[in-house]
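Visitor: I'd like to ask you about the structure that follows.
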Amino acid sequence: MGLRSHEQLVVCVGVMFLLTVCITAFFFLPSGGADLYFREENSVHVRDVLIREEIRRKEQDELRRKAEEANPIPIPKPEIGASDDAEGRRIFVKQMIKFAWDGYRKYAWGENELRPNSRSGHSSSIFGYGKTGATIIDAIDTLYLVGLKEEYKEARDWIADFDFKTSAKGDLSVFETNIRFTGGLLSAFALTGDKMFLKKAEDVATILLPAFETPSGIPNSLIDAQTGRSKTYSWASGKAILSEYGSIQLEFDYLSNLTGNPVFAQKADKIRDVLTAMEKPEGLYPIYITMDNPPRWGQHLFSMGAMADSWYEYLLKQWIATGKKDDRTKREYEEAIFAMEKRMLFKSEQSNLWYFAKMNGNRMEHSFEHLACFSGGMVVLHAMNEKNKTISDHYMTLGKEIGHTCHESYARSTTGIGPESFQFTSSVEAKTERRQDSYYILRPEVVETWFYLWRATKDEKYRQWAWDHVQNLEEYCKGTAGYSGIRNVYESSPEQDDVQQSFLFAELFKYLYLIFSEDNILPLDQWVFNTEAHPFRIRH
Ligand code: DMJ
């Protein structure tokens, strides 16, 4: 319905009046409502920026303060060249240990490991996700041995207050916990006689016991310290791994002997009995085994390196640890090593370098791992303990050849440090062209073999090779507050991986220190080293 003309006029005037009122109000009334909100929001924003600025300034000040504190590092850097006799070199190694330890103590105390360049804690999945001071426990015997008394005392007090059971979180590696923690504590007891260490070793081993509750008694690889639940690695499809379940006996047997509690030795013996009863393909031990009773071998994969190595080592050392009384173990070691030699030992075509290949079914892979370099030391130790001269000479020769091959893997790199794994092909020998194999993570196995060769032969070249390695560690692996692995041994300025492995103290430093020491420090007729280089007393 339309409006009449006077009605339209009234509506028009009304609308104009309302518009005038609104416009006036907008310009003349005090600001409020939304405008006030925006102004306050603005002032909050400005305050935030100022606060953030202040925080950033404080953070930068803190970083600067820390950097100033750490640079120059309070530990004097050892002078290379000043030490041209064994004693000077031993002292030099001791200074390296102190430098690495001080970095850990200052920046990562109680953590598992140190990031020497970030100057913070580091851990890896083998330790679960708890803070369990792996470096302290792995290092304490070395600190004691080299006479770092204050450092030893501080480590000892930390361990006395430490409760592994409540500190360990998540899935721990049974093998690594055994060789580093149980082994480290047992050796601290063996060296010092301090019963606290023995009690702690028993506590740690007790936590591992539920992992052995499987149909065959072969332990699972992982255990949750809190719940006692154990399992195999998801990637191992329900199977256990030779180097892991095969490297229990030295620690568990020693522990039962020292404590009088037979349960540990029983668990280790069970594994050995199960393996003795099994048929071995051509006398060889495959890496994988099922958890059934009786177990079955998995894929026919054989190696002297990763996932197999310390099984062979423990057969030999268990025989030695029992005062060479355990004949079954000696026989099984000899059979195993003989089968490995027969099937997997090769000499390279161009340089006549001896190495153990890897075998998958019948297919050979002509590569040798840094880890497998331990085998030189192992066969030399056999030679030193063998009465039969022909056999002894044979293994001394094999040990020297492997020590030489592993030295070539060092000498043929740019840094003078060997890679994680190296190949023998028509184009390369004792080198790798694979980038993923070119790293070095402070592993000890090559120096370990030179250490046994030094003790057995007194050939100065082994000390010289060890000294060369010391200098290369200084040049390429030394970081701001400790030592780091490097990502590529074939680069002249390799990037560091910023991890100071706990086995640097337990193994590499210990072997380096011992190689420049007299033989009466840990004589090999009285001490046997576990696979983490923790010394246990031989029973006589
Ligand atoms: C150590 O933890 C032990 O020697 C183990 O047997 C395998 N290798 C690492 C260090 O390389």
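Please treat every number below as a calculation from the coordinates, not as lab data. Every value quoted in this text rests on a predicted model; they were computed, and no experiment measured them. Reconstructed Cβ throughout: ideal geometry from the backbone, glycine too, with neighbour counts over all protein chains shown.
Visitor: Within region 432-540, which GluC sites (Glu not before Pro) sit in a loop by DSSP and count at most 11 neighbouring Cβ atoms inside 10 Å? Write down the numbers at each step before the final one.
Guide: On the way: sites: E433, E445, E448, E460, E474, E475, E491, E495, E507, E518, E532; in loops: E433, E491, E495, E518, E532.
Within region 432-540, the qualifying GluC sites (Glu not before Pro) (loop, at most 11 other Cβ atoms within 10 Å) are E518.
Visitor: Considering amide H positions built from the backbone, and no H for Pro or chain starts, which residues 5 or more places from E365, or on another chain, come under 5 Å of its amide H?
Guide: For E365, the qualifying residues are K358, M359, N360.
Visitor: Now, a different point. Hey, what do the phi angles of region 451-465 turn into as Karplus ³J(HN,Hα) couplings, whole Hz, using 6.51/-1.76/1.60 and θ = phi - 60°, x for Gly and Pro?
Guide: Per residue, the Karplus-derived 3J(HN,Hα) values read 4, 5, 5, 4, 4, 7, 10, 6, 7, 4, 4, 5, 5, 5, 4 Hz.
Visitor: Tell me, in nm to one decimal, what length is gained between I521 and S125 on full extension, where the rule is 0.36 nm per residue of separation less the Cα-Cα distance? Could the numbers behind the result be given before it?
Guide: Values: separation 396, 0.36 × 396 = 142.56 nm, distance 3.45 nm.
So the extension gain works out to 139.1 nm.
Visitor: Can you give me the C-alpha center-to-center distance between region 179-217 and region 102-143, rounded to a whole angstrom?
Guide: Distance between centres, Cα-based: 19 Å.
Visitor: Another question, if that's okay. Filter the GluC sites (Glu not before Pro) in region 132-209 down to the DSSP loop ones having no more than 11 other Cβ atoms within 10 Å, then list what survives. Can you show the working numbers first?
Guide: Working: sites: E150, E151, E154, E176, E202; in loops: none.
Sparse-neighbourhood loop GluC sites (Glu not before Pro): none present.
Visitor: Near E429, within a Cβ-to-Cβ distance under 9 Å, what is the net charge of the other residues, with Lys and Arg +1 and Asp and Glu -1?
Guide: 0
Visitor: Quick one: net charge around S216, please, counting Lys, Arg +1 and Asp, Glu -1 for every other residue with C-beta under 11 Å from its C-beta.
Guide: Working: positive: K270, R296; negative: E213, D273, D292.
Result for the neighbourhood of S216: -1.
Visitor: Could you please state, rounded to a whole Å, how far the C-alpha centre of region 409-425 is from the C-alpha centre of region 429-505?
Guide: 10 Å
Visitor: Report the charge-dipole magnitude of region 424-467 in Debye, nearest 20, computed about the Cα centre from +1 at each Lys and Arg Cβ and -1 at each Asp and Glu Cβ. Display every interim value, and only then the final one.
Guide: Values: 8 positive and 7 negative charges, 22 e Å.
In debye, rounded to 20, region 424-467 gives about 100.
Visitor: Please identify every one of the chymotrypsin sites (Phe, Trp or Tyr not before Pro) in region 373-433 that sits in a loop by DSSP and has no more than 15 other beta carbons within 10 Å of its own beta carbon. List each step's numbers first, then the result.
Guide: Working: sites: F374, Y395, Y410, F422, F424; in loops: none.
Counting only loop positions with at most 15 other Cβ atoms within 10 Å, none of the chymotrypsin sites (Phe, Trp or Tyr not before Pro) in region 373-433 qualifies.
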